[in-house]
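**Q** Sharing a structure, written as structure tokens. Questions coming.
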Amino acid sequence: MNKLVLSLFPGIDVLGRGFEEEGWTVVRGPDLLWGGDVRRFHAQEFFFAGVIAGPPCQDFSSARRAVPTGRGDELLAELVRIIGEAAPHWWLMENVPRCHDVRIEGYSHQRIDVAASDFGLPQRRLRHFQFGHGKGFALCLDRPKQRRVTQPAAMASEGERSVTRRGWSEFCALQGLPPIELPGLTLSARYLAVGNAVALPVARAFARAIYRLETWFDGDKVCACGCARPVTGRRVLATGACRQRELRRRRAGHPTSASVLRGVTGNEREVMNAEGQAN
């Protein structure tokens, strides 16, 4: 089995580190943090099993106050171009929930929302992933270490605070990391890099799930809400929280498929239909 992965927009590449710790070999593409430019990068066809990526999310962030720069869409297009050149078995992208769908011809498409607390960390920090597979497979994630949230999320902006900033060791631990050294970066840049990173246990969970998919896939059916939890029988939603998530999407005017509607109760279905008509 080919276990070679290309990591794009890596930054300090905690996502790639998670894959390495699960036995994958990671090749890192160029990044602005280290003076590289992805626009000049080209990938060899059929060389990589997968492509992982964390393109800049500022244009799509709910915290953005300025006018979008257009760079977010530009870099998503570069990601699509490189995946097209590399033709991997699968690809995985991390971004914010407001990021556009990245649909690539020849690959399935799955949106997956995860919280750090689902993987043993005491912060809720929500992360959004998109996944595509050349054989149309859907990813199923194990969440074996759910933990109660006791700490504010580790945010990239924490390094700019002087009074409420947590210590470096504590901040790294919230991301599942030891107090890593980042020589050459200022203190605020170090916090920015770690705060922007995918938590290490989350990265490892995705690496394990993709390895399972590539080696002994057994036809798992996954929840339609985007949580990547398994479902059985005629169910399409895994938990009550999944049903509430679909209700919120319906209220926000987002489309909900007929298969998802079959997964909710009669009363919930009536509410969703009524609110969808109102929208």
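The values are calculated or read from the model by the stated rules, or taken from the named source; none is laboratory data. On a predicted model such as this, the values are computed, not experimentally measured, just so you know. Virtual Cβ from ideal backbone geometry, glycine too; neighbours counted across all protein chains shown.
**Q** Modelled with pLDDT of 80 or more and either under 22 Å from residue 145 (Cβ atoms) or in a helix (DSSP H, G or I) (or both), is that true of residue 274?
**A** Judged against the criteria, residue 274 is not a match.
**Q** If you don't mind, another one. Could you grab me the full set of residues in segment 84-121 that are touching a residue at least 60 places away in the same chain (Cβ under 8 Å), under 15 Å from residue 46 (Cα atoms) and not in a helix (DSSP H, G or I)?
**A** 88, 89, 90
**Q** Hey, another quick one. Out of segment 189-214, which residues are among the β-branched types (Val, Ile, Thr) and in a helix (DSSP H, G or I)?
**A** Residues satisfying the conditions are 194, 202, 210.
**Q** Another question about this same structure. So which residues in segment 34-49 are among the acidic types (Asp, Glu) and either under 16 Å from the mean Cα position of the chain (by Cα) or under 22 Å from residue 107 (Cα atoms) (or both)?
**A** If the condition is that a residue be among the acidic types (Asp, Glu) and either under 16 Å from the mean Cα position of the chain (by Cα) or under 22 Å from residue 107 (Cα atoms) (or both), then 45 is the only one that fits.
**Q** Would you check which residues across segment 86-123 are in contact with a Cys (Cβ under 9 Å, 6 or more places away or on another chain) and loosely packed, with under 15 Cβ neighbours inside 10 Å and list them?
**A** 98
**Q** Residues 208, 148, 190: which one is outside the structural domain of residue 119 (by TED's automatic domain parsing), under 19 Å from residue 115 (Cβ atoms), within 23 Å of the chain's Cα centre (by Cα) and not aromatic (Phe, Trp, Tyr)?
**A** Within the list 208, 148, 190, the selection yields 148.
**Q** Here's something else I'd like to know. Within segment 13-33, work out how many residues are modelled with pLDDT of 95 or more and either assigned to a helix (DSSP H, G or I) or within 16 Å of the chain's Cα centre (by Cα) (or both).
**A** Total meeting the criteria: 9.
**Q** Separate question: Looking only at segment 163-188, which residues are assigned to a helix (DSSP H, G or I), surrounded by fewer than 17 Cβ atoms within 10 Å (Cβ to Cβ) and at pLDDT 95 or above?
**A** Selection gives 169, 170.
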